[in-house]
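FYI, it's all coordinate maths here, none of it is from the lab. These numbers were taken from a predicted model, which means no experiment stands behind them. All Cβ positions, even for glycine, are placed from backbone atoms using ideal geometry, and neighbour counts span all protein chains on display.
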Amino acid sequence: MVQSPGGEGGGGVCDAAARRYWDGMNRRDIDYALEQFSDEIFFQDMMFPDAFVGKEKLRSHFKACLDGFPEGLVFVIDEISVDAGDGKCGAYWHCETPEGKAFPFSRGLSFYKCDGKRFFSSLSFAAHRVWRRWCRRVEPTRARTRTCARGLTCC
């Protein structure tokens, strides 16, 4: 199950779908993670120039990223905020090593929109540089880069 300080959640349909999604990613079970998305999912990963539309494109993206992650790295949900109508939620998260230590520069935000049942119809995702470096390594042609104000290469 997804580790989170607040326990199992209980924030509604969107909260539960987010926890199932991250649970699947932590277990490296792409099929289970994808079950949380509608067939027409619009997945915007802010470090890539184009959205991933549809489950098959998202499957390829998940596989490439998971293949690049260190063994045993897990996502930990720090907080989930759900709107009153339960159609949207946001999660603040970080990654941890198998020893339970926070992985440097691995905090992220995800914003989910549910279809009113149990599936995500869209997801926007932003994360720190460490995640970007892994995905850039495994999907170098899709990663976009720019020069930040301090002269650093960023996504």
14 Å cut-off, amide nitrogen to a point 7 angstrom out along Asp78 Cα→Cβ, residues in segment 85-104: 91-96, 102-104
- prompt: What residues have an amide H closer than 5 Å to that of Lys88, excluding those fewer than 5 places away on the same chain, when H is modeled at 1.01 Å from N in the peptide plane?
  reply: Asp83, Cys114
